[in-house]
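In what follows, a single structure is set out as structure tokens and then discussed.
The values are calculated or read from the model by the stated rules, or taken from the named source; none is laboratory data. The structure presented is a predicted model; accordingly, all values stated were derived computationally and were not measured. Every residue, glycine as well, gets a Cβ built from its backbone with ideal geometry; the counts of neighbours run over all protein chains shown.
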């Protein structure tokens, strides 16, 4: 708006009269001395100069109006629902476009984004939303849930603006995919009544893009290690053309199978994968589509399932030692028992060895005992002739100790124990063994407990009762360590079978190699021998107790949830340990990594805790590392997955809805290309305006123009010799 603020009118009149008289006098004086072609130009110069001087005296002022930035805020609402994963904005996903447009940390010299341009002209307050609004304090992350545009707009309307001001406008960045809640149209009318315009940026493509989708028919599976397991998946083609793609099945980070699939338009097909799990416990499986067809929703390209893989009913045994009579008769027994699978690594003589029961390379000639612990990977219980322990390579001895103390495997030792072997002594439930021979057969008395059960007592004591032969040697302990228990003793109270009844690793020591003689005594002795060995081996081969356990393994959780990085830690005596240092290295689905320190939970020794916010869809990998004060270190790696929720509906941009929201509220609609040059927004009429006067006639350019005209007049007159 323009107005005048002139100086005193009398002064203006005097100056005007003087200027006119001066103009007339100068024109008459130089009329005959200037060329005729120059007179009009000189007159125009002088008239213009007089007009500029009079304008300066009238002192015109332009009133500039701008909104009071302290009295309003523009709310920026960015949708971060699963539908924003669709890649239909210049080859990138809708969410990636929003991240770039709203990045507040981008260097202005590198990128001039939407947030930076608008913040130069308006105070902004950012929110993300799916079913409700959340402050946009950091980079925009994907969230799960059903989109509610209307509910989110209502929450902004009911929320007080920052610093006690009002909402000057709302900038809604959305694809218009409304899954639930209040109608956005009714909210647009409420905004119009409040005088607050909603400006909308439509993010996405309104054309029907189609999609390829895959889903497990069953999310929770059960299987047995080493046995075939079927997994059914459903694949669907929502494109209007035939699609060829690869369907891949993954077990955690290992690809199990890849198959080519061709689907007609609209076709739905069931595919069945068959796999044999190689490891027990909880496993995470992933099925995914590998296709170059674009654009489509990547959230439906993969799905996750978890499987509880049970250990097979067969107990896997390994005998290490010399082929004595006890071993021979034990093998005869186990050949008739489907529940047990016996392998043997035998020393036949000096540098003469043989293997029995090994499928791969079982008949190859060998001249040594196992060199490391690889032979123990698929074993539940080791039957060890204690005399050969010292002949094992150091790596094999160490692996055997770890197999019991850390892996929770079972160990049965028989025979003479080499002296000065601290590794073996730490495992033994019997100490200071002495060798003896009895002068006659000695009756044996079973002691009921976890090893020899109550219900079997009558079998061992019926006539003829079990015994130790006078023909064989026995090894009797002089000292029994704390925690060990006796399961079998002679009639004189001399223990022949002892065991550790605590911890995950189960160890028993049998001080005799003569129990095979029971079978030669009578038919009752055959049953006694059978029941004894099956009971002992079953107890030793029961499920192991891991030293590190975590409930997160194999779970499928929703995007936006908080996952517990909880882990239970046991020391090498399988007691809860509260003074360890526990760290978790988290690998997110996009490959990024970060490390978290876990803190002990108060009141629950051995439990360490931390929370992990799940802001990415896909498979997470957690590597736990536990450091004990004495230098021991344990590690465990687990997998789990996050899904984004229901993506089964059409995710095309609903431009009509978004345009109606803008139109009914008094705002404007922009597509993503128009938003790239958007710098300011129309505001509510209730926003107070600040008026600033601009005296443009007092400016340096205006005064410079007057002086320039005067200089031009002087130059023309001097050129023809006039003053």
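Does residue 484 count as within 22 Å of residue 387 (Cα to Cα), surrounded by fewer than 20 Cβ atoms within 10 Å (Cβ to Cβ) and either out of contact with any strand residue (DSSP E or B) (no Cβ under 8 Å at 6 or more places or on another chain) or in the same structural domain as residue 533 (by TED's automatic domain parsing) (or both)? Before the answer, list the steps.
Working: within 22 Å of residue 387 (Cα to Cα): yes; surrounded by fewer than 20 Cβ atoms within 10 Å (Cβ to Cβ): no; either out of contact with any strand residue (DSSP E or B) (no Cβ under 8 Å at 6 or more places or on another chain) or in the same structural domain as residue 533 (by TED's automatic domain parsing) (or both): yes.
So residue 484 fails the test.
For the range 327-341, the criterion of being part of a strand (DSSP E or B), surrounded by 20 or more Cβ atoms within 10 Å (Cβ to Cβ) and in contact with a strand residue (DSSP E or B) (Cβ under 8 Å, 6 or more places away or on another chain) is satisfied by at least one residue. Residue 185 passes every criterion in (1) crowded, with 17+ Cβ neighbours inside 10 Å; (2) at pLDDT 90 or above; (3) closer than 26 Å to residue 88 by Cα apart from (1).
Identify, from the list 259, 294, the residue that is exposed (fewer than 14 other Cβ atoms within 10 Å of the Cβ), under 30 Å from the mean Cα position of the chain (by Cα) and assigned to a loop (DSSP other than H, G, I, E, B).
Numbers: 259 fails: assigned to a loop (DSSP other than H, G, I, E, B).
So the residue among 259, 294 that is exposed (fewer than 14 other Cβ atoms within 10 Å of the Cβ), under 30 Å from the mean Cα position of the chain (by Cα) and assigned to a loop (DSSP other than H, G, I, E, B) is 294.
Residues of the range 446-456 include none that is assigned by TED's automatic domain parsing to the domain that holds residue 374, closer than 19 Å to residue 387 by Cα and in contact with a strand residue (DSSP E or B) (Cβ under 7 Å, 6 or more places away or on another chain).
Among the residues of the range 297-326, what is the count of those that are in a helix (DSSP H, G or I), buried (at least 16 other Cβ atoms within 10 Å of the Cβ) and out of contact with any helix residue (DSSP H, G or I) (no Cβ under 7 Å at 6 or more places or on another chain)?
Selection size over the range 297-326: 2.
Yes or no, residue by residue, for (1) under 36 Å from the mean Cα position of the chain (by Cα); (2) without any contact (Cβ under 8 Å) to a residue 40 or more places away in the chain; (3) over 30 Å from residue 425 (Cα atoms):
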position	(1), (2), (3)
532	no, no, no
558	yes, no, yes
569	yes, no, no
585	yes, no, yes
588	yes, yes, yes
595	yes, yes, yes
599	yes, yes, yes
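The residue of the range 641-671 that is modelled with the lowest pLDDT, among those that are over 22 Å from residue 183 (Cβ atoms) and in contact with a helix residue (DSSP H, G or I) (Cβ under 6 Å, 6 or more places away or on another chain), is 647. Give the residues of the range 266-275 that are surrounded by 12 or more Cβ atoms within 10 Å (Cβ to Cβ) and either without any contact (Cβ under 8 Å) to a residue 12 or more places away in the chain or more than 20 Å from residue 299 (Cα to Cα) (or both), sorted by residue number. Hits for the range 266-275 are 273, 275.
Checked against the criterion of being under 30 Å from residue 220 (Cβ atoms) and either crowded, with 17+ Cβ neighbours inside 10 Å or in contact with a strand residue (DSSP E or B) (Cβ under 6 Å, 6 or more places away or on another chain) (or both), the candidates 612, 664, 657, 653 yield just one match: 612. Among strands (runs of 3 or more DSSP E) entirely within the range 135-253, having at least 1 residues that are within 33 Å of the chain's Cα centre (by Cα) and within 24 Å of residue 297 (Cα to Cα) singles out 166-174, 198-202, 212-216, 229-237, 243-251.
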